[in-house]
1. Taking a quarter of the surface of the convex hull around the Cα atoms of the range A:302-445, what do you get in nm²?
2. Answer with one residue from A:Ala536, A:Ile36, A:Tyr158: the one whose Cα lies farthest towards the positive end of the charge dipole of chain A, charges on Cβ with Lys, Arg +1 and Asp, Glu -1.
3. Under a Cβ-only charge scheme (Lys and Arg +1, Asp and Glu -1), can you give me the dipole magnitude of the range A:414-473 about the Cα centre, in debye to the nearest 20?
4. If N is the number of residues in chain A, what value comes out of its Cα radius of gyration divided by 2.2 N^0.38 Å?
5. Work out how far the C-alpha atoms of the range A:476-544 reach from end to end along every principal axis, then list the three figures in whole Å, largest first.
6. What is the mean number of Cβ atoms from other protein chains located within 10 Å of the Cβ atom of each residue in peptide A:155-167, rounded to a whole number?
7. Name the residues of the range B:46-62 whose accessible area, probed at 1.4 Å, falls by at least 30 Å² once all protein chains are in place instead of their chain on its own?
8. Which of the pairs A:Lys454/A:Lys518; A:Lys470/A:Lys518; A:Lys322/A:Lys435; A:Lys283/A:Lys518 have their Cα atoms more than 24 Å apart in this structure?
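The values are calculated or read from the model by the stated rules, or taken from the named source; none is laboratory data. Predicted, not measured: the structure shown is a model, and the values here were computed from it. Reconstructed Cβ throughout: ideal geometry from the backbone, glycine too, with neighbour counts over all protein chains shown. What goes into the accessible areas is simple: the full protein's heavy atoms, side chains included, and nothing from ligands, DNA or RNA. Shrake-Rupley method; radii C 1.70, N 1.55, O 1.52, S 1.80 Å.
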Amino acid sequence: MPEATHLTTSDAAGSAAFSARVLLLLLVVLCGLAAIGGQTVRVATSRPSTETIAVSEPIARNWSRPAIVDRNGVLLASDVALPSLYADPKLVIDRDEVVERLRTVLPDLDERDLLRQLGEEGRRFIWIRRGLTPRLAQQVHDLGLPGLAFRKELRRVYPAGQIAPHLLGQVDVDNRGLSGIERFIDTSDLAQPVLAPVVSTRAPVRLTLDVAVQHAVRQEMQAAITRYKARAATAVVMDVRSGALVAAVTLPDFDPGRAAAADEEGRLDRLFGGVYELGSIFKAFTVAMALDGDVVTLDSVFDAREPLQIAGRKIDDYHGQKRKLTTREIFLHSSNIGAGLIALKAGGAYQRQYLDRFGLTGDLVLEGAGVAAPLLPQRWTELETATIAYGHGLAMAPVQFAAASAALVNGGVRIWPSILASGRAQPARPVQVLKADVSRQIRDLMRLNVVDAKGTGRRADVAGLEIGGKTGTADIARNGGYAERAVIASFLAAFPIGQPRYVALVTLFEPQPTIETKAQITAGVNAAPTAGRVIARIAPLLGLRAARTASAP
Amino acid sequence: MLRWLTATVALATIAAAFGVTWIKYDTRRLEARLQAQEHQIEKAESDIAILRAELGFLTRPERLDPLARRHLGLQPPSSAQVIRLDDLPKAAKPRAGVTP
């Protein structure tokens, strides 16, 4: 065959070009394979992706939040994944039967409402009860009713019980914080939205509260409300060196697991969120500031025979001594006239300056809890100077007063309170607002008030515990004037008075006259003994032992 | 020569096809196992959270307080009951000539 034997140059060139094309193709394929091989190696050695795809309709968007614990790690609030019960009306066969049988397991079920919802046209999803306990869920499941199903949700539970609901705060139905520490968790970006009910792995938020102390204080204050027929009460215990709030009680309170059912009185946080004229406990500040600037000494004499007349108003003493009083006696007998005279001698500007230094006039910024701002008088004339001296005309939250009072007893150092264990530490260089010697004098006065047979605080005395303090009975400002026989009775205590570790401010709102108090409502008969009982109960919990008697071997 | 090469490559291709398929299925199996384990971990963590909450609930002060008073006869301690080691009287020095 002639064509086959004639290998012309063009054929050779053609086949060479053919081979070159094949080679090129081979090269391209090899590159492709190499790329795939390289990609395979890369994928094999890279870390697995942490993204998960949750196949669920975003009906319930949950927020996963860290737990809240007390200073010792006791659980105060935590997330648990609990089954929530819902119904699909289309799959429900007998509405009446379902509702009736559900009521046997869930007695507080709103029958009519559920029946109405099950009858609605076109609805495929109805929540019946969110956040059931596993046991209840099992009981509902055992009923074997068609059309019901469960979906797990993150729900907030409060294992420590009804112990500090205002402070801890509440969450909404999606587990987002509404108030208190719960709100703080949200604003600090510690809570995150999740599609599946996965419990947070973040470290818990640790508070300065001690559950044992909080419980003891709460129990004693609850008993005091009953005993003295008071409308409400607050109590706060603070470490005078670190500013840690060990106990913060507001009563009445509410069950944190059922916040929606709380009534108006129970919702009000009087310790942090209400401002009040606190009355004679303020005299401790008045005397302290006057001593600090050498305006007075403990033996300076003031004429308290006549009521003080200023700007058409009269300032008088309650069961006044009607004689000349020394500074010491003014404190001991809690004389309004005397306090007014002392403040007037010091002057309004001086007084204002000291109140600023103590931290009584500015906003108290407490990380994790909001404190209501103090109410200052619009003008600061002689009248205001005199009335503020005995605690009227200036209103503040009890917690702010307690925090400022640390400086009176701890050697004169201003302390900033904190509720979070990780809270801001005190300034590296202590802010001295009083001379240490003045602090000692105030401590002596407070102790005298409790041990002296005529001291207003004598009912706060507890054998073996060196308690010192000051009483205060403030008329409640109402409707532009002052209410008849409605008072706020307080006792400010520091213990052990020789070298105080804690201050405690115990306040009773509108205590009533009783047989036991011989129809009196002054702080000396209700707040003072309550403070004594509270301190006697918590001293061993705080590691304080009774003073040793001299008869020890 | 070329025939052997072709045959080897063809065989290798078939083997590779089997290998790829096997690796694919093996990977899927491992992924399923991993997911199952992660699911187990999540469930365990959720159970732990529930148990911790339950433990806290059973040991809450308002429950233990009346139980301790009623069944154990306990009372809140007073400060007089708290002593420190330094409060204890020191051991008396042994008298001379007396062996303990």
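1. Average of the hull's projected areas for the range A:302-445 equals 9.5 nm².
2. Of the candidates, A:Ala536 comes out farthest on the positive side.
3. Its charge dipole is roughly 200 debye.
4. This ratio for chain A stands at 1.46.
5. Sorted largest first, the three principal extents are 44, 29, 18 Å.
6. Averaged over the peptide's residues, the number is 3.
7. Hits at the 30 Å² cut-off: B:Ser46, B:Ala49, B:Ile50, B:Ala53, B:Pro61, B:Glu62.
8. A:Lys322/A:Lys435; A:Lys283/A:Lys518
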